[in-house]
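Read through the structure below, which is laid out as structure tokens, and then see the notes.
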Amino acid sequence: MNQFEPVIVAFCCHYCAYTAADMAGSQRLSYPPNVKIVRVPCSGKVDAIHILKAFEKGADGVYVAGCLEGDCHFKNGNTKASRRVAYVKKMLEEIGIDAGRLEMFYMSAGMGERFSQVARDMTQRIRELGPNLTTKAAVEGTHKAVA
Amino acid sequence: MITAERKPLEEIIEFVKPFRRLLLVGCNECVTVCAAGGRKEVGLLASALQLKFMKQGHAIDIKEMTLERQCDPEYVEELAPIIDQADAILSMACGCGVQEMARRYKNLPVFPALNTKFMGASERQGVWAERCQGCGDCLLGLTGGICPIARCSKRLLNGPCGGSTNGKCEISPDVDCVWQLIWDRLKSLGLESRYEDIMPAKNWQTSRGGGPRKIIREDLAE
């Protein structure tokens, strides 16, 4: 019986979160390979449908990482993202999926340590929540674990 | 526009759970503007339904379509080629659209995904408020362009009631006293004298009170 290894999608804004991930790399800080990064120009680009589709296609957890509050490169994209994440959390509750599987995080470009900490924390949280059983793969019994 | 809000997901699931092939139809007009039933919301609801059904152990086939309007037969007709691929229709239009779908596609059950609310306008992004009740005999010219039928809680026609306090209605501090708004507007137009013109009791026959209404244009109807 393999230990469940979650698949987590992280929508990271180019100017802060993605750069923080890069920083983590330069500082040789490790973070779990469970986190798959999707680079977006701004966290405000992420819409509700992107989050729901990520869950539909097999993600066990999703998070959106943007700039620190007040510091969004595009002025207020991160506040828009935060409101959308809150809206989708409510939808997830309606669907019967634990809203803890989705989260919004803020960080600055220099916060390599924070990026890797967030990645570790989310991976641990999702590991405890268990696999997302609402995906086609789960229904067909072919849910894949990450090595 | 006609405003609406999506029904709770639980209620929608109750409607559609016996079916395995759904046609989810949105509308590109009013419900798109109030972010309730447009192309985006169709995508969201389809995804949410898919997740819910897969949680229960079986995927369902959902076809997503967004028509220009669902209240005109020419647009509803566009679904005819694919209608055989569904067991039920879930309409994200206002009540008008849902009924047009039911009228045209008699052999399929049609369900509303939205609760249609009111005729209103945008106050700011994401906020819509009731503006018109379709009384059929518009008196906006007499009240400086502000409607006491739609916006007065008691539909008073000759000034505020005793409950008007600091420009707010007694039913809630969030509701403006429309007669305060009307007075302020008439003042800014220099038409305070108009305020004392008495409006007689309204003839409600032109409103819904006279029964379901119809407009027939002799020059347009064949």
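The values are calculated or read from the model by the stated rules, or taken from the named source; none is laboratory data. A quick note: this is a predicted structure, and the numbers were derived from the prediction, not measured. For neighbour counting, all protein chains shown are included, and Cβ atoms are generated from backbone atoms with ideal geometry for every residue, glycine included.
For region B:144-188, give me the residue count where each residue is polar (S, T, N, Q) and within 24 Å of the chain's Cα centre (by Cα). So that I can check it myself, show each step before the final result.
To start, the set of residues in region B:144-188 that are polar (S, T, N, Q) comprises B:153, B:158, B:164-166, B:172, B:180, B:188.
From what's left, within 24 Å of the chain's Cα centre (by Cα): B:153, B:172.
Residues meeting the conditions: 2.
Set side by side, the residues A:A81, A:A54, A:A17 differ, and just one is within 14 Å of chain B (Cβ to nearest Cβ) and either in contact with a strand residue (DSSP E or B) (Cβ under 6 Å, 6 or more places away or on another chain) or crowded, with 21+ Cβ neighbours inside 10 Å (or both), which is A:A54. Being of a type outside the set (A, V, I, L, M), under 22 Å from B:I2 (Cα atoms) and part of a loop (DSSP other than H, G, I, E, B), is that true of even one residue in region B:196-208? Yes: one or more hits.
Consider only pairs whose beta carbons are under 6 Å apart and that are at least six residues apart or on different chains; among these, list those whose first residue lies in region B:49-71 and is away from chain A (no Cβ under 12 Å) and whose second residue is part of a strand (DSSP E or B) and surrounded by fewer than 20 Cβ atoms within 10 Å (Cβ to Cβ). So the pair list comes out as B:D61/B:R21. Considering only residues of region B:206-222 that are among the basic types (K, R) and surrounded by 10 or more Cβ atoms within 10 Å (Cβ to Cβ), which is nearest to B:K154 (Cα to Cα)? Among those that are among the basic types (K, R) and surrounded by 10 or more Cβ atoms within 10 Å (Cβ to Cβ), it is B:R208. Considering each residue of region B:34-41 in turn, none proves to be assigned to a helix (DSSP H, G or I), within 11 Å of chain A (Cβ to nearest Cβ) and more than 30 Å from B:Q133 (Cα to Cα).
In the set A:V85, A:V35, which member is modelled with pLDDT of 95 or more, out of contact with any Ser or Thr (no Cβ under 8 Å at 6 or more places or on another chain) and closer than 26 Å to A:E113 by Cβ? Break it down into steps so the answer makes sense when it comes.
Details: A:V35 fails: out of contact with any Ser or Thr (no Cβ under 8 Å at 6 or more places or on another chain).
The conditions single out A:V85.
The lone criterion from (1) of a type outside the set (K, R); (2) in a loop (DSSP other than H, G, I, E, B); (3) surrounded by 15 or more Cβ atoms within 10 Å (Cβ to Cβ); (4) at pLDDT 95 or above left unmet by A:L68 is number (3). Pairs, please: C-beta under 7 Å, at least 6 apart or cross-chain, first residue farther than 15 Å from A:C72 by Cα and in region A:102-116, second buried (at least 19 other Cβ atoms within 10 Å of the Cβ) and of a type in the set (V, I, T)? Sorted first by the residue in region A:102-116, then by its partner, the pairs are A:L102/A:I51; A:L102/A:V62; A:L102/A:V85; A:L102/A:V88.
Against the list (1) on the phi < 0 side of the Ramachandran plot; (2) crowded, with 16+ Cβ neighbours inside 10 Å; (3) at pLDDT below 95; (4) within 12 Å of chain B (Cβ to nearest Cβ), the condition A:H73 fails is (4). Would you confirm whether or not region A:5-13 contains a residue that is at pLDDT below 95, surrounded by fewer than 20 Cβ atoms within 10 Å (Cβ to Cβ) and over 11 Å from the mean Cα position of the chain (by Cα)? For region A:5-13, residues at pLDDT below 95, surrounded by fewer than 20 Cβ atoms within 10 Å (Cβ to Cβ) and over 11 Å from the mean Cα position of the chain (by Cα): present.
Taking first residues from region B:160-179 that are outside any loop (DSSP other than H, G, I, E, B) and partners that are surrounded by 12 or more Cβ atoms within 10 Å (Cβ to Cβ) and of a type in the set (G, A, S), the Cβ contacts under 9 Å between residues at least 6 apart in sequence or on separate chains come to B:D176/B:G167; B:V178/B:A150; B:V178/B:S153; B:W179/B:G159; B:W179/B:S164. Of all residues in region A:95-134 being of a type in the set (G, A, S), part of a helix (DSSP H, G or I) and surrounded by 21 or more Cβ atoms within 10 Å (Cβ to Cβ), which is nearest to the other protein chains (Cβ to nearest Cβ)? This residue is A:A119. Please enumerate the residues belonging to region A:22-47 that are touching a His at 6+ places or on another chain (Cβ under 6 Å) and either among the polar types (S, T, N, Q) or in a strand (DSSP E or B) (or both). The answer is A:R39, and nothing else. Taking region B:51-91 as the range and being part of a loop (DSSP other than H, G, I, E, B) and either among the small types (G, A, S) or within 16 Å of B:E14 (Cα to Cα) (or both) as the test, the residues that pass are B:Q56, B:G57, B:H58, B:A59, B:I60, B:A86, B:D87. Within region B:185-205, is even one residue surrounded by 14 or more Cβ atoms within 10 Å (Cβ to Cβ), under 23 Å from B:E123 (Cα atoms) and modelled with pLDDT of 95 or more? Yes: one or more hits.
Answer yes or no as to whether B:Q50 is under 25 Å from A:T135 (Cα atoms) and crowded, with 17+ Cβ neighbours inside 10 Å. Yes; evaluated as a whole, the condition is true for this residue. Show the residue pairs that are 6+ apart or on different chains and have beta-carbon atoms under 9 Å apart, the first residue being within region B:129-143 and free of Cβ contacts under 8 Å to residues at least 40 places away in the same chain and outside any loop (DSSP other than H, G, I, E, B), the second being surrounded by fewer than 15 Cβ atoms within 10 Å (Cβ to Cβ) and acidic (D, E). Listed pairs, sorted by first residue: B:A129/B:E123.
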